[in-house]
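The values are calculated or read from the model by the stated rules, or taken from the named source; none is laboratory data. Only a predicted model underlies this, so the values are computations on that prediction, with no experimental measurement involved. Counting neighbours? That spans all protein chains shown, and the Cβs are built from the backbone with ideal geometry, glycine included. Note: accessible area is taken over every heavy atom of the protein model, side chains too, but ligands, DNA and RNA are not part of it. Shrake-Rupley method; radii C 1.70, N 1.55, O 1.52, S 1.80 Å.
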Amino acid sequence: MLRFFSIFGVSLLVLFRIDMLESVQRTVIAPWSDWLAVLSFLCMTLFDPDVMHSGRLLYSQSTGFAVSIEAGCNGIEAAIVLIAGVLAFPATWTQKAWGFAIGFGAIQVANLLRIISLYYLGRWNMQWFEFAHLYLWQALIMLDVLVVWLLWMRWVGRQAAGAEISRTAHAI
């Protein structure tokens, strides 16, 4: 248990430090946030021709309401927590790679839903927007991280059990 928490803590410190580097913010985080705005815009224009985007900004042509997808709103920090958890858990590097890939995808899908829902909540009611932005979606994104990590750990455990059964079967 100490090994897990040590690796988890050090991984968090290192990954968050890397995330805060100006060069990483400029070359990775900002373009990722821009891409999320474009993807959100494309999803929303399927049913709402009023929405527009410019860089990281999504805005309503009719009301002028806008949201901006900034660092901290792009799912990267949640992904860092997941990556630290996957790195700290004993598994093969192939299993960890699957955990990173599927987990990152799940976090980004949830974050896309978050962005779209916050845009519409903000157009409708700022009090609900503030509550959802500051409390509800923060908890839901971290719950997504936890559920993905637990499902991944379960899959790793089943793979290990299957390998053990396979080794035992060959020994007979």
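Some observations on this one:
- For the range 108-147 versus the range 1-72, the spacing of their alpha-carbon centroids is 13 Å.
- For the chain, built as a Gaussian network whose Cα springs stay under 10 Å, the top-fluctuating residue of Leu140, Leu46, Leu150: Leu46
- A simple count of charges around Val81, restricted to other residues whose Cβ falls under 13 Å of its Cβ and scoring Lys, Arg +1 and Asp, Glu -1, yields -3.
- Label sites at Arg154 and Val38, each approximated as a point 7 angstrom past Cα along Cα to Cβ, lie 3.6 nm apart.
- The angle between the Cα long axis of helix 76-88 and the main principal axis of the chain comes to about 0°, on a 0 to 90 degree scale.
- With only the Cα atoms considered, the range 30-172 has a convex hull volume of 114 Å³ per residue.
- Subtracting the Cα-Cα distance of Leu134 and Glu22 from 0.36 nm times their residue separation leaves 37.8 nm of extension gain.
- Accessible area per residue in Å² at 1.4 Å probe, computed on the chain: 59 Å²
- In percent, rounded to a whole number, the relative contact order of the range 1-83 is 26, using alpha-carbon pairs under 8 Å and six or more apart.
- The fraction of accessible area contributed by carbon and sulfur in the chain is 73 percent, rounded to a whole number (1.4 Å probe; ligands and nucleic acids excluded).
- Distance histogram for the range 88-164 (every C-alpha pair counted, 5 angstrom bins, percent rounded to whole numbers): 3, 15, 20, 17, 12, 10, 8, 7, 4, 2, 1, 0
- The magnitude of the dipole of the chain, with charges of +1 and -1 set on the Cβ of Lys/Arg and Asp/Glu and taken from the Cα centre, is near 600 debye.
- Using C-alpha pairs below 8 Å separated by at least 6 residues, the relative contact order for the chain is 21 percent.
- Using the average count of surrounding beta-carbon atoms within 10 Å as a protection proxy, the listed peptides 35-42, 74-81 rank, highest first, as 74-81, 35-42.
- The local environment of Val148, defined by Cβ-Cβ distances under 14 Å, has a net charge of +1 under the rule Lys, Arg +1 and Asp, Glu -1.
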